Each structure stands twice: as structure tokens, then as C-alpha cells.
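Working notes, beginning with the structure itself.
The values are calculated or read from the model by the stated rules, or taken from the named source; none is laboratory data. Quick caveat, the model's predicted, so the values are computed rather than measured. Don't worry about glycine lacking a Cβ; one is built from the backbone with ideal geometry, like all the others, and counts go over all protein chains shown. Only protein heavy atoms, including side chains, enter the accessible area calculation; ligands, DNA and RNA are left aside. Shrake-Rupley method; radii C 1.70, N 1.55, O 1.52, S 1.80 Å.
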Amino acid sequence: MRKLNFPAYPFRFKSRENNPLVFDVVRKKYVRLQPEEWVRQHCIQYLNREKGYPLGRMLVEREIRVGPVRKRVDIAVCGDRGEIDLLVECKAPEVALTQEVFDQIARYNMALGSPLLMVTNGLSHYYCRMDYENKAYDFLRELPASGMAPLP
């Protein structure tokens, strides 16, 4: 897999029926290693190790409803009362982070109401704080830390 713009993290790999798998520490299972999954696994480690978001509060590949349509969020981080504090959209490295990608996470967030958004393709990362009063989002230089210690 391609080197990404994240720190180097240790990952566990295995192969099944000639398919490479990587261990997802949140879902606690091996998942098929594809480019978007490679980005997602790096992002999970980054959120936990660098920003202190607890693994136990992360939801990965969870289904949500956006109106009548079912969608899956890549990563959501819950607060202490179960509310979504951070919503992350991961794309494969070869996918450009266009306005369409931001519109996608904004649509998902209409159903979730997260104050923080992150969009990444593993090479570029964008962080936003929602401004619900003005129906806009403000770009941030970096993602705020959670204020909690990372879990092993």
C-alpha cells in the first residue's frame, strides 16, 4: 500500500484466499485491505494516538439514515453522552477531495449534528468546525485534541 501523510503506525496483517487483510482495532476484526481502508486505519490510529480520541468511542462503517436513504459513515467519534463529536469521511488516496466530498459529509452531518468534521484521502486532510447559526463550516488548521488519554 501507498505511504500516506500520517505518522507510521504498527498494523497487523494477514491473508485469506489471496486477499490481504488488516486488523481494525475498533471493529476488532480483520477487514479487506483496500486503498480507502488503508486511509481509514491510519486515520483511526491518528485520532487515537495523536489526538487522544478513545478507540472505545469510535464507530466505524456505521449505518445512518439521511432522509429515507441508508448511508455508512467511515468514522464517527462519540462524546460522553453518546452524541457525535467528530465525523470523518475517508477516501482512497487517488480520490480528489472536491466540493462533492464536502457536500457528502455535510449531508451525512445533517442527520448527526457533529460539531467537527474531517475529510481525508490520506495525503490531504481538512478539518472543519460547524457554524450552525450561520449554516456554514469554518476550516481549521488542525483537528482539536479530545482532551482524553489515548487507549492502547
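Of note:
- In the set (1) open to solvent by 60 Å² or more (accessible area, probe 1.4 Å); (2) part of a helix (DSSP H, G or I), the condition left unmet by Tyr46 is number (1).
- Answer from Val101, Val88 - the residue that is at pLDDT 90 or above, outside any strand (DSSP E or B) and within 25 Å of Asn48 (Cα to Cα): Val101
- Of all residue pairs spaced 6 or more apart or on separate chains, none has beta-carbon atoms under 9 Å together with a first member in the range 101-127 that is without any contact (Cβ under 8 Å) to a residue 12 or more places away in the chain and a second member that is in a helix (DSSP H, G or I).
- Looking only at the range 61-75, and only at residues there that are out of contact with any helix residue (DSSP H, G or I) (no Cβ under 7 Å at 6 or more places or on another chain) and either modelled with pLDDT of 95 or more or part of a loop (DSSP other than H, G, I, E, B) (or both), the one that is farthest from Tyr108 (Cα to Cα): Pro68
- Test: residue in the range 140-152 that is open to solvent by less than 20 Å² (accessible area, probe 1.4 Å) and under 16 Å from the mean Cα position of the chain (by Cα): yes
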